Structure formats: C-alpha cells, structure tokens
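Here the structure is laid out as structure tokens; the discussion comes afterwards.
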Amino acid sequence: MPAEIVEALPGAIARARDDLAAGDPAEVLAALTTLASRRGFPLPDDLALELDVEVMAGWPRDLWRRAFRAVWEQFAYRRLPEVADFRRHIAEDLEERRARLDRLDSLRLKLETVRLKRQWDEEARGRRAGRS
C-alpha cells in the first residue's frame, strides 16, 4: 500500500465530511418563510415545519441553497414545496457525496485491517522465535 495513500486518506476523509456538513436551520426556516410569504402559501403546522427544517438543514449548505434557488425559479404548484420538491434538485449530488465518504471510510477500515494483520503476524513470529 503506497504511503501517499495512507498519508492522504485522513485529509480526504475530513474534506468528504466537510462536504456533508449540515446547514443552518435558521437559514432554512427564513428561506421557507420568505418563499411562503412571496407566493402567498400558508406555512405547515409547527411540527411539520420543524421536521421540514430539520431534514433540509441536515443537507450541506451549498446543496440546500442550490435546491432552494431551483425551487424559487421553477416551482409552479399552488402549495408550499415539500422536502421532496427541494431534494429532487440535489439528490444525485447528495448521494455522490455520501457514497464518496462511504468509500473513503471503507478504504480506511481496509487499511487498518491490513495494518493490524501485519502487526499480529509480527507478534506471532516474535512469540515463535522466542520459543525456539
């Protein structure tokens, strides 16, 4: 296993996690409130609005903003857009980011397994050499 990969992996994982960092619930709430006001839509009840904000604030900020802009420009129904209406604009990018982090975590675990196996093999050889 090339040392460059081992050295670069923690940074790549950190960047992948940063790319998935959650957005700001206050920003999401303000945007939904503005959209509802602009279009004359009633906001959902407190629990539904809270859940919508929680889900969408869990998305990375740049993806949330892209989804909001797309809905702002393209949404034509006579109701407040729902989470799925926003998500469809970013679903592919969101899944790709999650998959990238999963692949990097998988590689990290495989490298750690290889490292541990080598360590255990060396310890076993040392014990055998000590008995000879």
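The values are calculated or read from the model by the stated rules, or taken from the named source; none is laboratory data. Just so it is clear, the structure is predicted and the values come from calculations on it, not from any experiment. Here the Cβ is made from the backbone with ideal geometry for all residues, glycine too, and neighbour counts use every protein chain on show. Each accessible area value is taken on the protein alone, full model and side chains, heavy atoms only, with ligands, DNA and RNA left out. Shrake-Rupley method; radii C 1.70, N 1.55, O 1.52, S 1.80 Å.
Criterion applied to LEU47, LEU43, LEU20 was being surrounded by 12 or more Cβ atoms within 10 Å (Cβ to Cβ) and over 14 Å from the mean Cα position of the chain (by Cα), and the one residue passing it is LEU43. Kindly list, by first and then second residue, each pair from a residue in the stretch 33-55 that is without any contact (Cβ under 8 Å) to a residue 60 or more places away in the chain to a residue that is of a type in the set (Ser, Thr, Tyr) and assigned to a helix (DSSP H, G or I), limited to pairs with Cβ atoms under 7 Å and residues at least 6 apart or on different chains. Going by the 7 Å Cβ cut-off, the qualifying pairs are LEU43/THR33. Has the stretch 80-88 got at least one residue that is over 23 Å from ALA16 (Cα atoms), of a type outside the set (A, V, I, L, M, F, W, C) and part of a loop (DSSP other than H, G, I, E, B)? Yes - at least one qualifying residue is present in the stretch 80-88. With respect to ARG128, is the statement that it is under 20 Å from the mean Cα position of the chain (by Cα) and closer than 30 Å to PRO2 by Cα true? Judged against the criteria, ARG128 is not a match.
Can we say ARG97 is part of a helix (DSSP H, G or I) and buried (at least 16 other Cβ atoms within 10 Å of the Cβ)? In short, yes. Does ALA36 count as of a type in the set (Gly, Ala, Ser) and open to solvent by less than 50 Å² (accessible area, probe 1.4 Å)? Answer is yes for this residue.
TYR77 meets each of the listed conditions (1) over 30 Å from GLU7 (Cα atoms); (2) buried (at least 16 other Cβ atoms within 10 Å of the Cβ) apart from (2).
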